[in-house]
Each structure stands twice: as structure tokens, then as C-alpha cells.
Amino acid sequence: MNKKQSNKVIISGLGISGLITASLLCKEKIKIECFEPSDLSKFASDQRTTAFLNPAIAVFKEIGIWKKIEPLSQPLKEMEIVDIGHSKYGDGSSIVFEPKEISLENFGYNVPNNFLRSELLGWLKKKKNFTLHKGDSIVDHYAFDDYILVETAKGKKITGNLLVSCEGKDSAIRKREKIKTLKTSYNQLAMVFQVSHSKKHKDRTTEILDSGGPFTIIPLRTPLNQLRSTVVWLDNLDVINKAYSLKNTEFNSVISKKSMGIRGNIRLAGKRQKWPVSSQFSKTLTSKRIVLIAESAHVMPPTGAQGLNTSVEDIITLHNICKKALKNDEDLGADGVLKQYQIKRLTQTGSKVFGIHLLNKISMTENKFLKIARKSFLMYLNQSPFLKRTLIKVGLGK
Ligand SMILES: Cc1cc2nc3c(=O)[nH]c(=O)nc-3n(C[C@H](O)[C@H](O)[C@H](O)COP(=O)(O)OP(=O)(O)OC[C@H]3O[C@@H](n4cnc5c(N)ncnc54)[C@H](O)[C@@H]3O)c2cc1C
């Protein structure tokens with residue numbers, strides 16, 4: 001049998017990571033069948049934007065959708081951290097990271113999630129080798145030596161070479177495979193909302209550190225050049241729940257105080273949304289004819305713009321492995337093919353989850369001594385261009 005002609009990949013879950021995976025694999029002319037139980041129109045209300053680092057932008061260029069996305073994508077040129085955590089130990093200290101320190105033009109782009117989803121889905125729907133099973137989900141699967149069989153909620157039975165779980169953090173495939181996870185929660189929530197402000201953002205992202213978690217203001221690009229940003233505010237459950245229930249006028253005074261006038265007069269411009277914050281790491285990333293990617297494999301707090309960017313690294317790795325297998329006329333779900341994915345991604349994702357876990361712990365700390373240490377570290381970093389460059393490279397996964 002010519003494996004190249006017969007290869008078929010089944011993707012479960014069409015969040016952003018499922019959409020990117022499907023798009024890249026579709027380019028390889030193999031059959032892609034996707035399952036998404038949710039009503040796709042509900043994603044239009046997602047208020048989040050994603051700070052995509054340069055490797056993700058390269059993927060959008062490879063798929064061929066970057067020209068469509070770029071007009072609403074904000075270049076991220078500077079990253080500022082302001083630490084106001086321990087006022088007795090001097091005033092707030094701040095540090096600015098610039099891409100030119102490591103000879104880059106920018107760190108990446110801030111892209112609205114809802115816009116990106118609709119562009120990716122629109123692109124996929126035009127492809128003959130893409131099938132979308134809307135409102136249907138995989139309820140069981142059976143992996144055999146030559147193929148994998150999935151059964152769906154609507155009673156369909158479909159076979160393929162490889163099943164990719166992009167089902168998010170509660171992946172049913174992972175649970176059926178009895179793959180264990182390490183999990184931590186932080187008694188924290190992330191609130192996301194868009195704001196208008198009177199001062200120009202000058203392409204700068206500002207992260208304000210106090211207690212409870214960072215308050216990050218990420219610039220947005222708008223069609224009419226309005227001064228807009230997205231705010232991601234991580235804090236204790238009680239603080240976020242209280243702020244979430246405030247009337248707009250009261251909420252505006254809270255965010256004015258939190259943002260310390262850094263963007264001038266700041267006002268809520270849209271809805272507020274809350275998201276749970278946790279870390280999770282899957283102990284293995286593959287099983288017979290199955291691969292776990294994105295949040296099915298790793299979840300991290302939304303700090304340092306690593307979550308979806310790590311998922312894009314998973315997808316690039318899977319895509320490269322698949323391309324090589326197709327070139328060698330191999331079966332995409334063969335043990336040997338999937339083993340390469342496991343080797344390349346397990347340690348990488350584990351260390352990323354652990355690193356972001358530590359970063360979150362440090363940024364939410366109430367401990368006086370840790371706050372002093374955090375501030376001293378930032379001050380030291382300001383004096384050490386080498387360490388600063390190293391940290392930028394680590395953040396960008398270089
Ligand atoms: C506030 C916030 C801000 C963030 N900002 C950034 C950022 O700036 N940069 C960054 O890199 N990351 C960021 N992240 C992380 C990023 O948003 C997530 O990593 C990403 O959304 C996860 O995408 P996913 O496709 O893996 O999962 P999901 O978006 O959860 O998608 C999973 C999909 O699978 C479907 N599904 C579920 N169960 C099944 C099933 N049984 N069968 C089939 N389908 C199923 C679901 O309906 C869903 O559509 C942020 C996260 C938050 C919360």
C-alpha cells in the first residue's frame with residue numbers, strides 16, 4: 001500500500017491550536033478530518049488577543065494567511081516591567097526589554113483571537129482535503145497496528161492513521177488513554193478586557209507587578225488607529241471576582257489606579273471575561289497512533305506569552321516529523337514516527353511549564369523578602385546587558 005496516498009489525520013478540537021495544526025497538515029495534501037463539538041460562532045465573543053512570537057508569525061506566512069491577519073496585528077516592539085511590589089524598598093523599579101538588543105525588529109505581534117480563528121477556518125473551508133464534523137465529538141477510539149478507529153457522538157465510525165488531540169486541557173482522548181498529568185492551581189483568575197487610553201502605547205507592552213499577579217497592558221492595532229490595548233489582569237480569586245462585578249464607573253477607577261497613569265486616562269472598552277489559571281503537564285505526549293498537542297499536553301498561566309506559542313512549537317515539530325515521514329512514504333501514526341515527537345517535545349514542554357510556574361509564583365508573591373529579591377533582581381538586570389539579552393532569548397525560546 002502506498003502510505004503517502006492513504007495517510008489520513010483525524011484532529012479532535014478546533015481551538016486555535018487545532019486550526020493551525022489542520023492548516024499546516026492540509027498543505028501536505030493529506031486528508032484531514034476535524035471534530036469540534038462546540039458551536040463555532042461562540043468563539044466570536046472571545047475578548048482575548050494572543051501575543052504571538054516570531055515563529056508563529058512564520059507559520060501564518062507559511063499557511064498563506066499573514067497578509068490577511070497583518071492589518072489587525074499590532075507589532076510588539078518593547079516589553080516593560082514595572083515592579084511596585086515593595087514600596088518601602090524604594091519607588092517602583094522598571095526595566096525595558098527591546099528587540100534590537102538581540103538584533104530583532106520586534107518580539108512578535110498581538111493578534112485578536114476571534115479574528116485569527118475566523119481567518120484560519122475560512123482558509124481551511126476552501127481546502128478539498130479538509131472535512132469539518134461540526135457539532136460532533138469523538139466519544140471513543142481504538143488503536144490498531146495499521147489504523148485508528150474513532151466513534152463519534154453522532155454515531156459515525158471513521159478510520160485514520162493518526163489521531164491528534166487538540167481538545168484543550170480536559171482532553172477526553174488523554175483521559176481514555178489514562179495518561180496522567182501533574183497539575184497545580186494558584187487560587188488565581190485572569191481577567192481580560194480591552195481598554196481605551198489617552199496616551200499612545202508606542203508599541204510597548206507594560207507588565208505591572210505588585211501582589212496577586214501581573215497587570216499587563218498589551219497594545220492593540222485598530223482599523224481607525226484608536227488608542228486601544230488589551231489588559232490581562234491576574235490576581236487572587238476574591239480580587240478578580242469583586243472587580244468583575246463592579247459597575248463600569250467603579251471598575252474604571254480601579255483600573256486607573258492599577259495602571260498608575262502609565263497609559264494616561266484609561267477606560268473599559270468592551271466586555272470583561274474571566275479565565276481560570278493553572279499549570280498542567282502531561283506525563284507522556286503520545287500513545288498508540290495518538291499525539292497530544294497544545295493544552296491537551298501542557299497548560300500554563302497567561303504570563304510571559306508562552307501558552308499558545310509553546311503549542312505552535314508543538315505544531316511545527318509535528319508538521320516537520322510528518323513531512324519527513326511522508327517523504328519516506330511512511331505511515332504517519334507509526335510508533336517510530338510518534339516517538340520522534342515525544343523525544344523532541346517532552347522535556348521542552350516540561351521545562352516551559354515549570355519555568356512559567358516559577359515566574360507566576362514570583363509575580364504573585366505576598367512575601368516581603370521575595371518582593372525585595374524580585375525588585376533587586378530587576379535593578380541588577382538593568383545593569384547587566386548580557387543577562388538581559390540572555391533572558392530575552394530564553395523568553396523567545398532561542
Ligand atoms: C487570559 C489569557 C491570555 C492568554 N494570552 C496568551 C498570549 O498572549 N500568548 C500565548 O502564547 N498564549 C496565551 N494564552 C494561552 C492560550 O490562549 C491557550 O494556550 C490557547 O487558547 C489554548 O488553545 P487550545 O487550542 O490548545 O485549546 P482550547 O482553546 O481550549 O481549544 C480546545 C477545543 O477543543 C474542543 N474540545 C473539547 N473537548 C473536545 C472533545 N472531547 N472532542 C472534540 N473537541 C473537543 C473545545 O470545544 C475547543 O474548541 C492566554 C490564555 C489566557 C486564558
Being away from the ligand (no atom under 16 Å from the Cβ) and under 27 Å from Phe377 (Cβ atoms) is the requirement here; does Ile95 meet it?
yes
Determine the pairs where a residue that is under 15 Å from Phe107 (Cβ atoms), located within the stretch 374-398, has a partner that is of a type in the set (Val, Ile, Thr) with Cβ atoms under 9 Å apart, the partner being 6 or more residues away or on another chain.
Lys388/Ile95; Arg389/Ile102; Ile392/Ile102; Lys393/Ile102; Leu396/Ile102; Gly397/Thr310; Lys398/Ile102; Lys398/Ile392
What pairs come up if the first residue lies in the stretch 284-303 and is assigned by TED's automatic domain parsing to the domain that holds Ile20 and closer than 13 Å to Gly350 by Cα, the second is within 8 Å of the ligand (Cβ to nearest atom) and modelled with pLDDT under 95, and their beta carbons are under 6 Å apart, counting only those six or more places apart or on different chains?
Met300/Gln306; Met300/Gly307
Note on the stretch 1-39: residues near the ligand (Cβ under 8 Å from one of its atoms) and over 16 Å from the mean Cα position of the chain (by Cα) are Ser12, Phe35, Glu36, Pro37, Ser38
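Kindly state which strands (runs of 3 or more DSSP E) lie completely within the stretch 20-114 and contain at least 1 residues that are surrounded by fewer than 20 Cβ atoms within 10 Å (Cβ to Cβ).
Details: elements: 31-36, 49-53, 74-76, 78-83, 93-97, 108-112.
Counting at least 1 such residues, we get 31-36, 74-76, 78-83, 93-97.
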Quick one: is Gly135 more than 30 Å from Pro99 (Cα to Cα), in contact (Cβ under 8 Å) with a residue 40 or more places away in the chain, loosely packed, with under 15 Cβ neighbours inside 10 Å and not aliphatic (A, V, I, L, M)?
yes
Test set (1) under 26 Å from Lys42 (Cβ atoms); (2) at pLDDT below 95 - Gln194 fails condition number
(2)
Output the number of the condition that Gly307 fails; it satisfies all remaining conditions of (1) within 14 Å of the ligand (Cβ to nearest atom); (2) surrounded by fewer than 24 Cβ atoms within 10 Å (Cβ to Cβ); (3) modelled with pLDDT of 95 or more.
(3)
Picking from Ser363, Ser351, the residue that is part of a helix (DSSP H, G or I), more than 29 Å from Ala22 (Cβ to Cβ) and small (Gly, Ala, Ser) would be Ser363
Selection from the stretch 292-304 of residues that are near the ligand (Cβ under 9 Å from one of its atoms) and of a type outside the set (Val, Ile, Thr)
Ala294, Glu295, Ser296, Ala297, His298, Met300, Pro301, Pro302, Gly304
Quick one: count up the residues across the stretch 165-187 that are more than 11 Å from the ligand (Cβ to nearest atom) and either in contact with a helix residue (DSSP H, G or I) (Cβ under 8 Å, 6 or more places away or on another chain) or in a strand (DSSP E or B) (or both).
7
Residues of the stretch 306-331 being over 15 Å from Thr349 (Cβ atoms) and assigned to a loop (DSSP other than H, G, I, E, B), which ones?
Asn328, Asp329, Glu330, Asp331
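Residue-by-condition table, conditions (1) among the basic types (Lys, Arg); (2) over 13 Å from Ile316 (Cβ atoms); (3) in contact with a Gly (Cβ under 7 Å, 6 or more places away or on another chain):
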residue: Ser12; (1), (2), (3): no, yes, no
residue: Ala22; (1), (2), (3): no, yes, no
residue: Leu25; (1), (2), (3): no, no, no
residue: Lys31; (1), (2), (3): yes, yes, no
residue: Gln47; (1), (2), (3): no, yes, yes
residue: Thr50; (1), (2), (3): no, yes, no
residue: Ala58; (1), (2), (3): no, no, no
residue: Lys67; (1), (2), (3): yes, yes, no
Tally the residues that are part of a strand (DSSP E or B) and away from the ligand (no atom under 14 Å from the Cβ), restricting the search to the stretch 256-291.
5
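The values are calculated or read from the model by the stated rules, or taken from the named source; none is laboratory data. Computed from a prediction, not measured in an experiment: that's the story for all the values here. Every residue, glycine among them, receives a Cβ derived from its backbone with ideal geometry; neighbour counts consider all protein chains shown.
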